[in-house]
Amino acid sequence: MPEISRIESPLESSWSGFHRDTNEYRRILLALFFGGIGTFAQLYSPQGILPLVASSLNVTADQSALLISAATLGLAVGVVPWSKFADKIGRLPAMKLSLIAASVFGFAVVLFPSFSGMLVMRFFEGAALGGLPALAVTYLQEEIHPLHTAVAAGTYVSGTTIGGLLGRVVSAPIAAWLGWRAGVATVVVLAALATLAFLLLAPAARGFKLNPAVPRFSTLRLVATHLRSPGMLALFAQGFFLMGGFVTIYNFLAFRLQGAPFGLNTSATSLLFLAYLAGTWSSRRAGQTVSHFGRQRVLLASIAIMIMGVLLTLAPALPVIMLGLVVMTIGFFGAHSIASGWTGARATVGRAQATSLYTLFYYLGSSIFGWLGGMIFSKAGWGWTAVSVTLLCLMAAAAAATVTGPNGSAEQSNGAGAAAR
């Protein structure tokens with residue numbers, strides 16, 4: 001997201017943000033908590049019911065996964081435009097518009113009779129959803145006192161995590177009972193209620209001031225600077241490859257477990273997503289470990305843990321597969337939290353643009369490999385799917401091993417970034 005450039009009037013020159021003992025501070029935290037739920041519940045709501053989508057619409061596993069890829073691609077494409085748009089109208093109005101538009105497109109998805117039409121609506125839904133992740137942290141920096149922004153950001157992240165989990169878990173039992181469209185529609189209603197809470201709770205913004213003197217192409221120059229940096233590209237590769245492998249496992253493991261010899265139903269396979277709770281723990285733990293071992297070592301160790309988990313899913317025993325999913329999730333969340341935090345710490349200029357680029361590559365990986373993984377699964381089965389994810393992890397590790405520069409050592413580290421959704 002573009003960096004903030006502001007002009008403050010004499011009346012606002014003393015503004016430093018809301019303190020935690022104010023009502024506005026509490027309202028902002030609650031608003032962003034619900035905003036995170038509204039965004040990420042919608043984004044991944046079809047993931048837990050892809051087998052039902054495939055059978056209902058008579059499409060293959062990889063085709064059904066396009067419902068996820070279309071939305072994450074839309075989000076990736078929408079991040080930078082939302083950031084630029086918010087420079088003109090303000091962060092809060094842009095986030096409100098983002099959430100409202102996403103709910104409208106979400107309802108359109110379940111109403112479209114054709115699969116191709118649903119994919120188009122999912123793309124626009126994802127593009128609309130890009131407004132909140134593009135702007136939330138910048139909004140906090142403008143409205144919350146610097147002493148409290150870390151806690152405030154943690155509350156927002158918890159909302160995104162809960163939203164991602166709710167979207168996957170809530171849709172499945174409804175879909176098994178009333179059909180997959182009803183399951184997705186239920187999540188859209190849930191997201192719309194969360195959006196309403198965001199609209200009612202968020203106080204009027206005070207920190208945003210438009211500076212008409214911002215150079216028109218300054219953002220593009222900063223983006224180009226990061227894309228020419230081998231170290232930054234190596235960090236962007238972490239989001240690209242690791243998220244691609246992560247979403248592939250979660251997209252298609254349910255297909256495997258609903259087939260022979262396991263024969264699980266949709267409600268049972270939706271419980272797979274409870275493994276996300278392990279990732280909530282590991283992202284925080286990875287940040288604590290960085291001060292002792294440095295970012296690079298913790299990142300490489302996390303990738304190794306992710307590979308171990310993927311290989312465990314090859315086992316024929318359900319308990320071992322479940323253990324593998326938990327281990328894989330621990331590794332992924334740990335790696336992502338380190339890579340995203342290292343991206344911001346390594347950027348000496350254009351930190352906001354660096355973060356946006358990481359987000360862009362993160363969701364591009366989800367879109368591209370989440371679909372390609374389905375093609376491998378449909379044609380070659382779970383074994384080769386796990387092998388392909390392992391190769392993605394190894395490519396991420398090879399890139400991570402090349403990163404040098406600030407904050408890579410234990411002595412220089414200052415923590416990890418936000419958890420993944």
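Taken together, the values in this text are just the output of simple stated rules run on the coordinates, not laboratory data. Bear in mind that the values here come from a model prediction, so they are computed numbers and not experimental data. Here the Cβ is made from the backbone with ideal geometry for all residues, glycine too, and neighbour counts use every protein chain on show.
Structural remarks
- Crossing angle, helix 276-293 versus the chain [Cα axis fit, 0-90 degrees, rounded to tens]: 60 degrees
- Potential lengthening between Val189 and Ala224 on full extension [0.36 nm per residue; Cα-Cα distance subtracted]: 8.6 nm
- Extension gain, Gln288 back to Leu318 (0.36 nm per residue minus Cα-Cα distance, nm): 7.6 nm
- 0 to 90° range, to nearest 10: angle between helix 318-346 axis and the chain longest Cα axis: 20 degrees
- Prolate/oblate/rounded label for segment 17-208 (Cα gyration tensor, a/c 1.5): prolate
- Helix 91-111 vs. the chain, principal-axis angle (Cα, 0 to 90°, nearest 10): 20 degrees
- Cβ-Cβ FRET estimate between Trp177 and Leu199, R0 fixed at 25 Å, reported to 0.05: 0.20
- Take 262-270, 306-314 and order them by the average number of nearby Cβ atoms within 10 Å per residue, most first; the result is 306-314, 262-270.
- Nearest-0.05 FRET efficiency for Lys209 and Asn23, computed from C-beta distance (R0 30 Å): 0.85
- Listed candidates (1) 138; (2) 220; (3) 128 - label of the one calculated as volume of the Cα convex hull per residue in Å³: (3)
- Cα-projected label distance for Ser56 with Thr404, points at 7 Å along beta-carbon direction, nm: 5.4 nm
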